[in-house]
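As structure tokens, the structure follows; a few thoughts come after it.
The values are calculated or read from the model by the stated rules, or taken from the named source; none is laboratory data. Source: prediction; values computed, not measured. Note that we place each Cβ from the backbone using ideal geometry, even for glycine, and neighbour counts take in every protein chain shown. All accessible areas refer to the heavy atoms of the entire protein, side chains included, with ligands and DNA or RNA removed. Shrake-Rupley method; radii C 1.70, N 1.55, O 1.52, S 1.80 Å.
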Amino acid sequence: MSHGGLSVVHGTGSARTRLALLAGLFVTLLALVLTAPGTAHAAGGGRLAHPDLDWMGSTVRAHEGSARPAGGGAASLLATQTPGLDVSNYQGSVDWAATWAAGARFAYVKATEGVSYTSPSFAQQYNGSYNVGMVRGSYHFALPDVSAGATQADYFIAHGGGWSADGRTLPGALDIEYNPYGATCYGLSASGMVGWISAFSNEYHARTGRYPTIYSTTSWWTQCTGNSAAFAGTNALWIARYSTAVGALPAGWGYQTIWQFADSGTFPGDQDRFNGAQDRLQAYAAG
């Protein structure tokens with residue numbers, strides 16, 4: 001009988017040991033899942049795995065490369081283009097005096113991503129570019145699968161994404177591009193993506209009086225919004241294409257306001273051209 005009792009106790013202990021081992025294995029697997037690309041940024045209310053590697057255009061070259069665009073209707077370029085750049089925490093502290101001397105006249109600076117990241121370099125970049133005489137603005141790296149568009153617009157505005165009619169501050173920009181963490185279109189249908197962008201844009205407009213500039217590529221926009229023309233009447237277009245010509249634009253836009261034409265060059269970060277002379281850049285900033 002005592003042997004039977006010991007057997008029962010021994011069996012119970014073995015079961016508990018197996019359960020403990022299984023529980024440990026489950027926790028380990030769960031940790032791996034939550035840190036895998038495509039899931040880490042959504043875990044715990046929007047924590048991000050590599051936000052300092054998510055800059056404006058960080059996904060473009062891998063998906064689209066760099067080449068002369070095929071036909072399809074080249075976009076309009078005005079005679080005078082104003083050179084500029086966009087930077088993020090990846091560049092760290094920027095020598096703005098040297099960048100101005102090299103010819104840059106405007107800058108966009110990453111402020112936020114999702115609803116949990118603010119760039120540690122934002123103040124140095126945003127204020128530094130302004131202090132040397134540049135027209136400057138900020139941008140938000142969108143993660144449409146983390147939270148609602150309006151929620152991210154509010155987060156952006158609260159952390160450097162505002163606008164003022166001083167002729168030196170550009171309206172905030174929405175960076176909407178290939179998902180660096182998973183599915184290209186963030187798990188949204190074309191109509192769902194258009195709705196998300198509309199919510200961001202409308203909230204930004206309601207809060208600041210300006211519609212955000214939309215940064216994207218024609219390829220991503222076609223795939224993930226169904227080539228929607230819904231924003232051409234309200235939002236300026238910032239097109240990314242690493243080539244010698246702008247090429248075809250998304251539906252509705254007859255011209256781009258800014259062209260990101262290279263991801264390296266004379267200036268730190270990405271290389272941009274405003275589609276017009278300096279006075280037109282200042283007029284766009286002033287609203």
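Could you check region 90-121 and list, in sequence order, the residues that are polar (S, T, N, Q) and touching a strand residue (DSSP E or B) at 6+ places or on another chain (Cβ under 6 Å)?
T112, T118, S119
Would you confirm whether or not region 99-111 contains a residue that is more than 20 Å from the chain's Cα centre (by Cα), among the hydroxyl-bearing types (S, T, Y) and assigned to a helix (DSSP H, G or I)?
Yes - at least one qualifying residue is present in region 99-111.
Tell me whether region 98-113 contains one or more residues that are of a type in the set (V, I, T) and in contact with a Ser or Thr (Cβ under 7 Å, 6 or more places away or on another chain).
So far as region 98-113 goes, yes, one or more of its residues are of a type in the set (V, I, T) and in contact with a Ser or Thr (Cβ under 7 Å, 6 or more places away or on another chain).
Mind counting the residues in region 66-94 that are open to solvent by less than 30 Å² (accessible area, probe 1.4 Å), within 15 Å of F261 (Cβ to Cβ) and modelled with pLDDT of 70 or more?
4
Select from region 197-214 the residues that are in a helix (DSSP H, G or I) and open to solvent by less than 10 Å² (accessible area, probe 1.4 Å) and list them in ascending order.
I197, F200, S201, Y204
Evaluate the following for A230: is it among the hydrophobic types (A, V, I, L, M, F, W, C), surrounded by fewer than 21 Cβ atoms within 10 Å (Cβ to Cβ) and at pLDDT 95 or above?
yes
Check whether at least one residue in region 111-125 is among the charged types (D, E, K, R) and within 30 Å of T151 (Cα to Cα), and report yes or no.
Within region 111-125, the first condition is being among the charged types (D, E, K, R), and the residues that meet it are 113.
Going one step further and asking which of them are within 30 Å of T151 (Cα to Cα), we end up with 113.
Yes, region 111-125 contains a residue that is among the charged types (D, E, K, R) and within 30 Å of T151 (Cα to Cα).
Would you check if A285 is in contact with a Phe, Trp or Tyr (Cβ under 9 Å, 6 or more places away or on another chain) and at pLDDT 95 or above?
Numbers: in contact with a Phe, Trp or Tyr (Cβ under 9 Å, 6 or more places away or on another chain): yes; at pLDDT 95 or above: yes.
Yes.
Is there any pair with a first residue in region 221-235 that is over 11 Å from L249 (Cα atoms) and outside any loop (DSSP other than H, G, I, E, B) and a second that is modelled with pLDDT of 95 or more and not β-branched (V, I, T) whose Cβ atoms are under 7 Å apart and which are 6 or more apart or on different chains, and what are they?
What qualifies is Q223/C185; C224/C185; C224/A190; C224/M193; T225/A190; T225/M193.
Of all residues being among the small types (G, A, S) and over 16 Å from the mean Cα position of the chain (by Cα) in region 181-197, which is nearest to L53 (Cα to Cα)? Just the residue, please.
Looking at the filtered set, the residue picked out is G187.
Sort out which residues of region 243-264 are of a type outside the set (A, V, I, L, M), at pLDDT 95 or above and surrounded by fewer than 17 Cβ atoms within 10 Å (Cβ to Cβ), and write them in order of number.
G252, G254, Y255
If you take the residues in region 122-136 that are outside any strand (DSSP E or B) and in contact with a strand residue (DSSP E or B) (Cβ under 8 Å, 6 or more places away or on another chain), which one is surrounded by the fewest Cβ atoms within 10 Å (Cβ to Cβ)?
Y130
As an exercise: evaluate A153 against (1) outside any loop (DSSP other than H, G, I, E, B); (2) of a type outside the set (V, I, T); (3) in contact with a strand residue (DSSP E or B) (Cβ under 6 Å, 6 or more places away or on another chain); (4) open to solvent by less than 10 Å² (accessible area, probe 1.4 Å) and give the number of the one condition it does not meet.
(3)
Is there a residue being outside any helix (DSSP H, G or I), acidic (D, E), open to solvent by less than 40 Å² (accessible area, probe 1.4 Å) and within 30 Å of A277 (Cβ to Cβ) anywhere in region 165-187?
Looking through region 165-187, at least one residue is outside any helix (DSSP H, G or I), acidic (D, E), open to solvent by less than 40 Å² (accessible area, probe 1.4 Å) and within 30 Å of A277 (Cβ to Cβ).
Restricting to region 185-221, what's the tally of residues that are under 14 Å from V60 (Cα atoms) and not aromatic (F, W, Y)?
Count: 5.
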